[in-house]
Amino acid sequence: MKTFFLILLAVTASSSIDAAVELPSLPIGSDDFGEPDWMAIIERAFPPWEIDGPCGSLVSVGGEVDVPMPSRIDGDGNPIDDQDDTTSKVSRQAGGKWNPCYYTKRFAGLDPSFGGYPTPIDTRYPYEYAAPFFGQPGDGSTHHCPIGSPPDINIADCPKVNTPCPDGKNDCVVIGEYGIGHIPPFVALAAVKNEYLDALANGKDICSKWFDYKSYRCDIKKNMLDELVYKYFGVDNTIQFEPPIVKEDGTPSSTYYKLEFAGESPACDDGNCYGPHYCSTEVTNDGSVWGDYCPYVHTGENAGKYRHPHIALAALQQLVANACMPSLCGKEWDEGPDGYPPKPTESTSITWCEMEDNEDPISQPKVPYSWPIMETDESILPGPFSYGAFKPAKGFYVNELVLQGDNKEKACEDSGATAMNVANVMVASAAAVLFVL
């Protein structure tokens with residue numbers, strides 16, 4: 001018998017769905033297979049601050065500067081001094097509060113003034129199945145390293161919460177104990193996009209089917225997402241998908257997402273990239289570094305243009321919710337009842353590793369690999385030293401894989417998880433799940 005903890009949260013706003021809504025069309029990207037203009041959709045929900053030039057880039061991965069970093073500008077178009085403190089920059093910057101030049105998820109889950117975006121936990125992506133924050137490597141990620149894992153463990157080797165298909169079939173999960181389990185956000189994004197375009201073409205009413213504000217606010221209902229994912233990617237008792245790329249025959253895959261920029265040539269020609277993460281060959285050869293610690297595309301004309309597919313999904317949901325429930329859901333991303341961001345010590349920010357230059361967003365992980373990053377009094381990156389045995393970051397987590405053997409009782413005792421102001425403790429036959437709300 002396994003337990004899960006649930007802290008209840010009352011949502012008092014009533015549902016107000018416009019049954020006669022005319023769904024807005026999606027902007028279409030230029031020279032992109034007729035796909036939606038994801039950058040425009042994202043910037044509608046996450047408006048960026050304004051800058052005085054193109055995003056910075058390097059000549060090569062880990063190489064010298066090619067294009068220098070731009071400066072934020074004020075309402076008069078004047079550059080804001082990079083030496084100004086963050087509060088001053090934010091108060092004077094023109095545009096929105098989100099970073100237009102994005103290179104690393106190092107600051108994900110923290111105040112957007114530092115350059116990051118909300119994590120999948122923050123955007124309530126239901127297929128994340130994240131590891132809780134018990135001070136272990138990979139905390140807050142989809143990789144569930146057991147408590148007590150050595151600091152030099154390759155986080156990518158730790159399991160995810162899903163059931164891979166038999167016979168080593170790639171990009172395939174079995175629907176089982178965890179339902180669908182973890183699947184990448186580009187899968188759910190493709191399913192929602194396909195259904196929305198079908199609704200536009202055939203005049204379907206999706207508002208009443210997709211939304212329930214009392215339970216899900218401006219997000220699509222979980223059971224509806226399950227239906228859509230299975231409709232477009234279900235095969236018998238499995239979910240089968242392709243990576244979000246242009247295939248060798250020049251056609252887009254079923255989950256193609258332009259802003260992934262995965263494995264671009266020549267930057268990744270040496271097999272040094274892990275999906276959208278551009279690592280130096282030195283980092284790749286080390287063998288211990290989790291690829292997610294490497295920056296996103298930072299060479300060539302696409303430098304700084306990567307955007308997480310969970311951000312695109314959140315933006316698309318917000319666009320539809322705004323049309324269906326305009327009195328409840330605005331144009332910008334719904335930050336939830338408590339707003340965003342939380343305090344750093346309660347954020348969903350993943351504990352980072354030491355970088356070659358901890359002040360440079362395009363820096364590569366330090367070799368030899370060193371985890372976690374050393375915190376200082378001025379550090380904005382929370383980790384085990386600052387949050388202790390347990391970080392109460394609000395979200396949905398799975399405890400089962402990280403709490404193994406003798407570690408389980410000690411971890412709960414150290415963190416106070418058995419008495420952390422829990423409103424209800426329920427017993428279930430499913431996996432141990434922690435809801436922090």
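The values are calculated or read from the model by the stated rules, or taken from the named source; none is laboratory data. Just so it is clear, the model here is predicted, and its values are computed rather than measured. Every residue, glycine as well, gets a Cβ built from its backbone with ideal geometry; the counts of neighbours run over all protein chains shown. Quick note on the areas: whole protein, heavy atoms, side chains included, nothing else; ligands and nucleic acids left out. Shrake-Rupley method; radii C 1.70, N 1.55, O 1.52, S 1.80 Å.
Scanning the range 191-200 turns up no residue that is of a type outside the set (A, V, I, L, M), open to solvent by 40 Å² or more (accessible area, probe 1.4 Å) and closer than 25 Å to Thr348 by Cα. Could you list, in sequence order, all residues of the range 225-267 that are part of a loop (DSSP other than H, G, I, E, B) and among the acidic types (Asp, Glu)? Across the range 225-267, the qualifying residues are Asp236, Glu242, Glu248, Asp249, Glu264. Of all residues in the range 75-111, those satisfying the criterion of being open to solvent by 20 Å² or more (accessible area, probe 1.4 Å), of a type in the set (Lys, Arg) and closer than 17 Å to Pro341 by Cα are Lys97, Lys105. In the range 51-74, of all residues being surrounded by 19 or more Cβ atoms within 10 Å (Cβ to Cβ) and among the hydrophobic types (A, V, I, L, M, F, W, C), the one that is nearest to Glu356 (Cα to Cα) corresponds to Val61.
Taking the criterion of being open to solvent by 20 Å² or more (accessible area, probe 1.4 Å), modelled with pLDDT under 90, in contact with an Asp or Glu (Cβ under 9 Å, 6 or more places away or on another chain) and of a type outside the set (Ser, Thr, Tyr), would at least one residue in the range 390-411 satisfy it? No, every residue in the range 390-411 fails to be open to solvent by 20 Å² or more (accessible area, probe 1.4 Å), modelled with pLDDT under 90, in contact with an Asp or Glu (Cβ under 9 Å, 6 or more places away or on another chain) and of a type outside the set (Ser, Thr, Tyr).
Restricting the range 215-228 to residues that are hydrophobic (A, V, I, L, M, F, W, C) and without any contact (Cβ under 8 Å) to a residue 60 or more places away in the chain leaves a set whose member that is most open to solvent (accessible area, probe 1.4 Å) is Met224. Within the range 196-214, residues that are free of Cβ contacts under 8 Å to residues at least 24 places away in the same chain and within 15 Å of Glu227 (Cβ to Cβ) sit with their Cβ atoms under 8 Å from residues that are assigned to a loop (DSSP other than H, G, I, E, B) and open to solvent by 60 Å² or more (accessible area, probe 1.4 Å), at 6+ positions apart or across chains, in these pairs: Asp198/Lys204. Of all residues in the range 312-362, those satisfying the criterion of being farther than 18 Å from Leu110 by Cβ, in contact (Cβ under 8 Å) with a residue 40 or more places away in the chain and small (Gly, Ala, Ser) are Ala312, Ala315, Ala321, Ala323, Ser327.
Each row is one residue, and each column tells you yes or no for (1) modelled with pLDDT under 95; (2) closer than 20 Å to Glu359 by Cβ; (3) β-branched (Val, Ile, Thr); (4) within 21 Å of the chain's Cα centre (by Cα).
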position	(1), (2), (3), (4)
Asp76	yes, no, no, no
Ile80	yes, yes, yes, no
Tyr117	no, yes, no, yes
Tyr127	no, no, no, yes
Pro132	no, no, no, yes
Asp139	no, no, no, yes
His144	no, no, no, yes
Lys160	no, no, no, yes
Gly176	yes, no, no, no
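The one condition from (1) over 27 Å from Arg44 (Cβ atoms); (2) under 22 Å from the mean Cα position of the chain (by Cα); (3) crowded, with 20+ Cβ neighbours inside 10 Å that Gly263 does not meet is (3).
Each row is one residue, and each column tells you yes or no for (1) at pLDDT below 95; (2) touching a strand residue (DSSP E or B) at 6+ places or on another chain (Cβ under 9 Å).
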| site | (1), (2) |
| --- | --- |
| Ser327 | no, no |
| Asp338 | yes, no |
| Ser363 | no, yes |
| Pro368 | no, no |
| Glu375 | yes, no |
| Ser379 | yes, no |
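Please work out if Ile245 is among the β-branched types (Val, Ile, Thr), touching a helix residue (DSSP H, G or I) at 6+ places or on another chain (Cβ under 6 Å) and modelled with pLDDT of 95 or more. Answer is no for this residue.
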